[in-house]
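Here's the structure, in structure tokens; my notes come after.
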Amino acid sequence: MNIFINIYRNWTVYEWCFLGGSLLLIFLLSNLGTYLLTKDWKFNKIVSITYAISALIYIFTIFVLQFLPIPISHLSTTPLLLTVLIVTINWTTFISYYAKFKNRKNFTITELLKEQKRDSIRNIVFLTLAILSTSIFLKGELLAVMFVTFLSSAISIYLSTLLTRKFIDD
Amino acid sequence: MARIRFKKLKVNWKQFFNYVLLILLSSGILLTFLIALPLTERLSDIQAFDLNIADEFWSKEYILDLKSEENSDIRKTKSVLFKRLNDYGVEEVSIYQEDSQLRVVVEATKPQDYVEELIRNPYRYSIVTRKEEIDFEDEENQLAPYLEENYDETLFDTKVFRNIYITELPNSSGGKSYFGIAKLWPGKLGEFKSFLQEYKEKYVGVNIDGFVTPVYIPDDTIFAIPLSDDKGRIEIMDILYNSGNIPISYELKEQKDLEVKRLSMDYIQITIALFVSIIAIYLYLYFSKTYSADLILRSLFTTLLSLAIFLLVLKIRALPIHTFIILIDAVILIALTNIVQQNDESRISVSVVALIIATIFSILGIGYLKILGSHLMLLSATAFLSVEIGNLYIDKVSNYLKK
């Protein structure tokens with residue numbers, strides 16, 4: 001817990017406000033965009049839970065990292081941007097597909113779910129390869145940054161497909 | 001004499017312009033790759049295309065002795081100090097409160113002098129007026145115009161100024177210098193105007209942490225504080241004047257150098273490794289049959305092109321960059337280009353979303369998040385452009401080859 005206590009004690013109001021503000025702004029804008037394109041709150045539930053999952057995974061991996069002989073500095077905040085970016089873009093492709101084809105005659109939810117699963121798995125495979133191939137040149141905190149980014153974004157993307165299946169199927 | 005008749009030439013202009021476009025695109029793309037590759041700057045003496053690598057980190061710890069033990073004042077001081085360093089683009093800043101002291105730990109590539117200027121002084125400023133009994137022209141006391149005790153305080157301090165707008169204006173010697181134009185909150189405008197009228201064509205002073213800069217008021221419409229001519233220092237002064245007010249005074253008690261533990265990498269190896277990695281990724285995707293061969297070819301080409309365009313922009317604009325950030329940028333760019341390429345229906349929305357996230361982090365981000373945010377703006381535009389240009393080029397080439 002040391003790292004979180006240190007952050008709580010030593011971070012300035014400026015850091016809390018600006019980092020919290022930027023994440024909150026992205027969260028709200030994603031929800032707004034999702035609602036405007038789908039007009040269905042079920043999609044908002046999915047994207048909100050996905051963000052929550054990625055935040056929890058990020059916190060958990062940082063918690064684990066403090067027990068390893070790796071220095072943790074401000075560089076460890078970069079997975080926040082990377083994860084938010086990857087998760088939001090993956091979600092954007094899904095929502096854009098839905099918005100474009102929902103009014104098509106033979107459009108079905110099964111097709112939507114298949115498309116999302118295929119896209120998500122492709123993105124995860126690609127992300128795995130991209131991070132693996134560049135991680136060969138890294139060590140220490142930077143390697144940890146890549147590892148945290150990979151875990152939090154890949155798991156969140158995969159879980160979002162399961163959540164979509166659960167919420168949209170229902 | 002018989003007239004020579006030439007057969008009327010039929011030119012297919014559409015095809016002609018297509019050829020011209022194809023030639024232009026080919027040469028543009030080739031040039032982009034050439035400039036992006038490492039060491040190709042040695043091919044020509046006309047322009048240097050080196051990457052502006054900013055990897056010379058230094059680290060230092062500063063102990064500040066605060067003149068107050070009020071918790072709210074200390075919290076505000078911490079925040080303003082952090083904001084100043086963050087606005088300047090200092091990579092790592094940690095500020096620890098230890099009783100009535102602040103320990104500021106900095107790790108940066110920015111010039112040390114300027115970073116120290118942001119930390120050393122609280123930069124509390126106010127407008128002061130000359131005491132009548134002091135002779136400011138006394139040749140035996142040449143320091144008189146600069147000493148705080150020779151001036152009277154006025155109502156106008158940091159609390160009444162909205163901001164200090166820094167701009168270049170003509171100076172008395174006919175050249176141009178930087179000045180800070182004082183902008184006030186609306187409630188104090190009337191009083192300040194009366195003050196300027198009262199001291200028109202007289203000297204007043206700006207007291208900054210106990211040292212006074214004399215300011216001559218030529219007319220009653222503007223209060224312009226003379227600043228430095230050095231552009232680098234002007235950025236620092238802009239931050240010091242406009243990044244919030246430190247409520248308490250403090251002094252630098254101690255400073256010591258710290259060891260830097262940054263991973264140093266050779267950018268030439270990184271660039272080559274990135275190109276090799278991309279090819280390896282696509283070879284894997286091809287043999288695993290995850291995508292169609294056509295899509296893989298397009299995606300590979302656009303990914304390499306996007307990386308080349310990114311490096312080209314960095315080299316031509318000489319933007320300072322850390323080598324390890326190039327790796328993070330490359331991962332983002334590879335993933336982003338691949339997603340933009342493969343999702344035709346969401347090409348624009350993905351690019352716009354990436355741009356929005358980039359803008360948010362480049363404005364509100366802290367430390368590396370701010371740096372990555374500003375890079376992401378370039379990356380999202382690069383990914384979109386390279387996909388559009390790459391697809392256009394592949395279509396044109398395949399049409400040409402089919403003929």
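Exactly one condition in (1) more than 7 Å from every other protein chain (Cβ to nearest Cβ); (2) under 15 Å from the mean Cα position of the chain (by Cα) is not met by A:Thr93; state its number.
(1)
Give the residue that is farthest from B:Asp50 (Cα to Cα), with candidates limited to residues of the range B:322-370 that are part of a loop (DSSP other than H, G, I, E, B) and touching a residue at least 60 places away in the same chain (Cβ under 8 Å).
B:Ile366
Filter the range B:57-89 for residues that are of a type in the set (Val, Ile, Thr) and more than 10 Å from every other protein chain (Cβ to nearest Cβ); which is surrounded by the fewest Cβ atoms within 10 Å (Cβ to Cβ)?
B:Ile63
Would a scan of the range A:49-58 turn up a residue that is over 12 Å from the mean Cα position of the chain (by Cα), within 15 Å of A:Leu82 (Cα to Cα) and hydroxyl-bearing (Ser, Thr, Tyr)?
Looking through the range A:49-58, none of the residues is over 12 Å from the mean Cα position of the chain (by Cα), within 15 Å of A:Leu82 (Cα to Cα) and hydroxyl-bearing (Ser, Thr, Tyr).
Does B:Gly210 satisfy the criteria of being away from every other protein chain (no Cβ under 14 Å) and not hydroxyl-bearing (Ser, Thr, Tyr)?
Here the answer is yes, as B:Gly210 does meet what is asked.
I need the full set of residues from the range A:138-157 which are of a type in the set (A, V, I, L, M, F, W, C) and more than 8 Å from chain B (Cβ to nearest Cβ), in order please.
Result: A:Leu143, A:Ala144, A:Phe147, A:Val148, A:Phe150, A:Leu151, A:Ala154, A:Ile155, A:Ile157.
Within the range B:323-364, how many residues are at the interface with chain A (Cβ under 7 Å from one of its Cβ atoms) and either small (Gly, Ala, Ser) or in contact with a strand residue (DSSP E or B) (Cβ under 8 Å, 6 or more places away or on another chain) (or both)?
Result for the range B:323-364: 5.
Polar (S, T, N, Q), touching a residue at least 12 places away in the same chain (Cβ under 8 Å) and away from chain B (no Cβ under 14 Å): which single residue out of A:Ser160, A:Ser76, A:Ser135, A:Ser120 fits that description?
Step by step, each of A:Ser160, A:Ser76, A:Ser135, A:Ser120 is checked, and only A:Ser160 is polar (S, T, N, Q), touching a residue at least 12 places away in the same chain (Cβ under 8 Å) and away from chain B (no Cβ under 14 Å).
Quick test for you: out of B:Leu319, B:Leu304, pick the one residue that is more than 10 Å from chain A (Cβ to nearest Cβ) and in a loop (DSSP other than H, G, I, E, B).
It is B:Leu319.
Okay, residues lined up against (1) at pLDDT 85 or above; (2) buried (at least 19 other Cβ atoms within 10 Å of the Cβ); (3) within 30 Å of B:Ser72 (Cβ to Cβ):
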site: B:Pro111; (1), (2), (3): yes, no, no
site: B:Tyr114; (1), (2), (3): yes, no, yes
site: B:Ile119; (1), (2), (3): yes, yes, yes
site: B:Glu148; (1), (2), (3): yes, no, yes
site: B:Glu153; (1), (2), (3): yes, no, yes
site: B:Leu169; (1), (2), (3): no, no, no
site: B:Gly180; (1), (2), (3): yes, yes, yes
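Output the residues belonging to the range B:90-106 that are buried (at least 18 other Cβ atoms within 10 Å of the Cβ) and either closer than 16 Å to B:Ser243 by Cβ or aliphatic (A, V, I, L, M) (or both).
Selection gives B:Val90, B:Val93, B:Ile95, B:Leu102, B:Val104, B:Val106.
Specify the residue that is farthest from B:Ile74 (Cα to Cα); the eligible residues are those in the range A:14-29 that are surrounded by 14 or more Cβ atoms within 10 Å (Cβ to Cβ) and within 8 Å of chain B (Cβ to nearest Cβ).
A:Leu29
So, B:Gly373, is that one in contact with a strand residue (DSSP E or B) (Cβ under 7 Å, 6 or more places away or on another chain), under 29 Å from A:Ile26 (Cβ atoms) and of a type outside the set (Ser, Thr, Tyr) or not?
In short, no.
Output the residues belonging to the range B:340-354 that are of a type outside the set (Gly, Ala, Ser) and touching a Lys or Arg at 6+ places or on another chain (Cβ under 9 Å).
B:Val340, B:Gln341, B:Gln342, B:Glu345, listed by residue number.
Which condition does B:Ser194 not pass, out of (1) within 25 Å of B:Tyr114 (Cβ to Cβ); (2) not in a loop (DSSP other than H, G, I, E, B), if it passes all the others?
(1)
Restricting attention to the range B:235-278, and to residues there that are within 30 Å of B:Glu198 (Cβ to Cβ) and hydrophobic (A, V, I, L, M, F, W, C), which single residue is nearest to the other protein chains (Cβ to nearest Cβ)?
Across the range B:235-278, the extreme among qualifying residues is B:Ile246.
Taking the options A:Leu68, A:Leu36, name whichever one is within 14 Å of another protein chain (Cβ to nearest Cβ), over 24 Å from B:Ser362 (Cα atoms) and either surrounded by fewer than 21 Cβ atoms within 10 Å (Cβ to Cβ) or among the hydrophobic types (A, V, I, L, M, F, W, C) (or both).
Just one listed residue meets the conditions, A:Leu36.
The values are calculated or read from the model by the stated rules, or taken from the named source; none is laboratory data. None of the values given here were measured: they were computed from a predicted structure. Cβ coordinates were reconstructed from backbone atoms using ideal geometry, including for glycine residues, and neighbour counts include every protein chain displayed.
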